[in-house]
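Here's the structure we're looking at; comments come further down.
The values are calculated or read from the model by the stated rules, or taken from the named source; none is laboratory data. All of these numbers come straight from a predicted model, not from anything done at the bench. Every residue, glycine as well, gets a Cβ built from its backbone with ideal geometry; the counts of neighbours run over all protein chains shown.
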Amino acid sequence: MATYTRQQLRDGVTASANLTTATTFTLVNNIPNVTYFVIEGTSYTLDSIPYYRQIFSSASVTSLVNCSMVTESMHAGFIVNSSSTATFSFTPSVTIPASHIRFVATNPTILSGSTSTIYGIELTTS
C-alpha cells in the first residue's frame, strides 16, 4: 500500500513501486469542486532509444465510483466528484516499472495570511 500526499500529486510524482497486479486506487477529494487526477506514462530510454510508456496498451481501469475517466494509450484523466472518495481498479497485464508511471492532480494551494494549505486529492493504493 502506498499513499501520495496532496503536495506530491500537485507537483507530480512517480509511482513508489512497480505495478504488477490489480490495484485499488482510492482518491479522497476534500474540496467542494471536481478535481482532476491523471495517470501518465513517462519517458524512458532503452538501448539509447527514447520511448514513452503506453500504459493503457497493457492495463485496464474498471469499477469506477464517484469519478469518470477518459483514456488513450499514454494517459488516463479522471474527474473526481466534489467532496467525495473515488475508487477504481487498475489492472496491468504486464509489470509496469515504477519509473514508467506518474500521478498528477490539480490540487490548489490556498494562502491565508502567511499559511498555505494544499487542497484536493490524496491518493492511496492497495
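One table, with the values for the structure above:
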{"item": "Selection count, segment 1-26, where residues are surrounded by fewer than 19 Cβ atoms within 10 Å (Cβ to Cβ) and not in a strand (DSSP E or B)", "result": "12"}
{"item": "Pairs where the first residue, in segment 1-18, is of a type in the set (Ser, Thr, Tyr) and the second is at pLDDT below 95 and loosely packed, with under 14 Cβ neighbours inside 10 Å, C-beta under 7 Å, 6+ apart", "result": "Thr14/Ser99"}
{"item": "Residue selected from segment 71-126 under the condition within 21 Å of Thr14 (Cβ to Cβ) and among the aromatic types (Phe, Trp, Tyr), by the criterion surrounded by the most Cβ atoms within 10 Å (Cβ to Cβ)", "result": "Phe78"}
{"item": "Pairs with Cβ under 8 Å, 6+ apart, first in segment 69-98 and touching a residue at least 40 places away in the same chain (Cβ under 8 Å) and closer than 16 Å to Ser126 by Cα, second part of a loop (DSSP other than H, G, I, E, B) and charged (D, E, K, R)", "result": "Ile96/Arg53"}
{"item": "Within segment 42-57, considering residues that are closer than 20 Å to Val104 by Cα and of a type in the set (A, V, I, L, M, F, W, C), the one surrounded by the most Cβ atoms within 10 Å (Cβ to Cβ)", "result": "Ile55"}
{"item": "Qualifying residue in segment 32-44 (condition: closer than 20 Å to Tyr119 by Cα, in contact with a Pro (Cβ under 9 Å, 6 or more places away or on another chain) and not polar (S, T, N, Q))", "result": "no"}
{"item": "Strands (runs of 3 or more DSSP E) wholly inside segment 27-68 that include at least 1 residues being free of Cβ contacts under 8 Å to residues at least 12 places away in the same chain", "result": "43-46, 49-52"}
